[in-house]
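S.K.: Handing you this structure, nothing more for now.
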Amino acid sequence: MLYESQTFRLEADDQVLTLWLDFRGRPSHAFTLPVLNELSLVLDRIAALPPADVILVRSSRPDTFLEEFDAAELAGFNSPLEFAAMARRGQAVTRKLRQLATPTIALIEGRCAGAGLELALACTSRLAVDSARTRFDFAELDRGLIPAWGGTYLLPRLVGAGAAARLLRDGGSFGAIAAERIGVVDRVVPASRLAVELLSVLDEVRERGAVRPPVARRVWRSARAFFGAGLGSRAPETGTPAAELMGAMAAGRSSEGEGLAAERAALSRLAATDSTRNLLAMHRQAAHPGREFAEPTSPDRGVPR
């Protein structure tokens, strides 16, 4: 065992590093700042190890891969500056994951949502288990926010700008088969054949450096222009999460740096609104029924650029 805590476990076997997402003693696999900081340290440890053939990121719970940032912690932020700092930290962690010298595979079984989905997008390849429990969603807009760990920059490069705008703007969850068809994951494997298929995928990544999408996915790529047609027919209302989302995606077309900066700025502006504070308070109460929380207050309006 190379590393072990209540949250993460790192082990090596036959030149394959497996980063287990355990979250022992936690009711969910939601991100918090301590979890994010620990993950950053784990990635530093991985980067310092002798190169492996593949890094596999997987959950020890079949019903959950990784979820969005904890609603209670977000609702407790008192300033847009705190949201911006959280976004900058999350972007740094997903960048560390992308910059690892070894190919990474996210093996997704169970719910993969919000910041957890952004982390999966930062992996070299994504493999999804075909199970009713495997569901994907970008939950941020329901909270009055937008993805801010690189999601608005990474997703368009995987699925095309039109499909990315629909997924991020319209929300809703989708299963493994839809995720493969759209391009969010590279391959879907039956739960009954997971062990066998995983060995095959590991060999493929050793040889090619990534999972090659099936022929149907490669054909789908040619149809993305049609899939995205008509997105500009009605511009979202200025100042809404949808408008901030489109602005961040537009900035990301210029450069990664501009896209990530736009994500942080958009998140900060949204965090300063009463509507977002109220939505976060509602999600916090839903996630912790029976607990009493103070009424949301208007935060400091200072918004970083």
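S.K.: Search the range 122-138 for residues being of a type in the set (D, E, K, R) and more than 26 Å from Arg206 (Cα to Cα), and hand back the single one that is surrounded by the fewest Cβ atoms within 10 Å (Cβ to Cβ).
M.R.: For the range 122-138, the residue satisfying everything is Arg133.
S.K.: Working carefully through the options Ala132, Ala161, Ala128, find the one that is among the small types (Gly, Ala, Ser) and either modelled with pLDDT under 95 or under 21 Å from Arg88 (Cβ atoms) (or both).
M.R.: Ala161
S.K.: Leu39 fails exactly one of the following numbered conditions: (1) surrounded by 19 or more Cβ atoms within 10 Å (Cβ to Cβ); (2) modelled with pLDDT under 95; (3) in contact with a helix residue (DSSP H, G or I) (Cβ under 7 Å, 6 or more places away or on another chain). What is the number of that condition?
M.R.: (2)
S.K.: Turning to a different aspect of this structure: May I ask you to list pairs of residues, at least six apart or on different chains, whose Cβ atoms are under 6 Å apart, with the first in the range 83-107 being in a helix (DSSP H, G or I) and the second being among the hydroxyl-bearing types (Ser, Thr, Tyr)?
M.R.: Going by the 6 Å Cβ cut-off, the qualifying pairs are Phe83/Ser268; Ala84/Ser268; Val93/Ser40.
S.K.: From Thr94, Thr18, which residue is under 28 Å from Val129 (Cβ atoms), more than 18 Å from the chain's Cα centre (by Cα), modelled with pLDDT of 95 or more and buried (at least 16 other Cβ atoms within 10 Å of the Cβ)?
M.R.: Thr18
S.K.: Kindly indicate the residue of the range 180-196 that is part of a helix (DSSP H, G or I) and over 14 Å from Ala120 (Cβ atoms) and also nearest to the chain's Cα centre (by Cα) among those meeting that condition.
M.R.: Among residues in the range 180-196 that are part of a helix (DSSP H, G or I) and over 14 Å from Ala120 (Cβ atoms), the one nearest to the chain's Cα centre (by Cα) is Arg181.
To keep it simple, each residue is scored yes or no on (1) of a type outside the set (S, T, N, Q); (2) free of Cβ contacts under 8 Å to residues at least 60 places away in the same chain.
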position: Gly25; (1), (2): yes, yes
position: His29; (1), (2): yes, no
position: Asn37; (1), (2): no, yes
position: Arg45; (1), (2): yes, yes
position: Ser79; (1), (2): no, no
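S.K.: Inside the range 179-196, can you point out the residues that are out of contact with any helix residue (DSSP H, G or I) (no Cβ under 9 Å at 6 or more places or on another chain) and free of Cβ contacts under 8 Å to residues at least 40 places away in the same chain?
M.R.: Keep residues of the range 179-196 that are out of contact with any helix residue (DSSP H, G or I) (no Cβ under 9 Å at 6 or more places or on another chain), which gives 179, 191-196.
The answer is Ser192, Arg193, Ala195, Val196.
S.K.: Residue pairs, Cβ under 6 Å, 6 or more apart or interchain, first in the range 8-21 and in contact (Cβ under 8 Å) with a residue 24 or more places away in the chain, second of a type outside the set (A, V, I, L, M, F, W, C) and part of a strand (DSSP E or B). List them.
M.R.: Matching pairs, first to second residue: Leu10/Tyr3; Thr18/Glu11; Trp20/Arg9; Leu21/Ser59.
S.K.: If you don't mind, another one. List the pairs whose first member sits in the range 63-75 and is in contact (Cβ under 8 Å) with a residue 40 or more places away in the chain, whose second member is surrounded by fewer than 22 Cβ atoms within 10 Å (Cβ to Cβ) and β-branched (Val, Ile, Thr), and whose Cβ atoms are under 8 Å apart, counting only residues at least 6 apart or on separate chains?
M.R.: Matching pairs, first to second residue: Phe69/Thr32; Asp70/Thr32; Glu73/Thr32.
S.K.: Restricting to the range 122-141, give me the number of residues that are closer than 18 Å to Val159 by Cα, basic (Lys, Arg) and in contact (Cβ under 8 Å) with a residue 60 or more places away in the chain.
M.R.: 1
S.K.: Name the one entry in Gly114, Gly175 that is at pLDDT 95 or above and touching a Lys or Arg at 6+ places or on another chain (Cβ under 7 Å). I'd like the intermediate steps shown before the answer.
M.R.: Details: Gly114 fails: touching a Lys or Arg at 6+ places or on another chain (Cβ under 7 Å).
Matching residue, one of Gly114, Gly175: Gly175.
S.K.: Then there is this: Filter the range 139-148 down to residues that are farther than 18 Å from Arg111 by Cα and either of a type outside the set (Gly, Ala, Ser) or at pLDDT 95 or above (or both) and give me whichever is surrounded by the fewest Cβ atoms within 10 Å (Cβ to Cβ).
M.R.: Here the answer is Leu145.
S.K.: Can you tell me which residues in the range 149-179 are buried (at least 18 other Cβ atoms within 10 Å of the Cβ) and not in a helix (DSSP H, G or I)?
M.R.: Correct list: Trp149, Gly150, Gly160.
S.K.: Mind listing whichever residues of the range 41-78 are under 30 Å from Gln285 (Cβ atoms) and assigned to a helix (DSSP H, G or I)?
M.R.: To start, the set of residues in the range 41-78 that are under 30 Å from Gln285 (Cβ atoms) comprises 59-78.
Once the filter is applied, which keeps residues that are under 30 Å from Gln285 (Cβ atoms) and assigned to a helix (DSSP H, G or I), the range 41-78 yields Ala71, Ala72, Glu73, Leu74, Ala75.
The values are calculated or read from the model by the stated rules, or taken from the named source; none is laboratory data. Worth saying up front: this structure is predicted, and the values here are computed from it rather than measured. In this analysis, Cβ positions are derived from the backbone assuming ideal geometry, glycine residues included, and neighbour counts consider all displayed protein chains.
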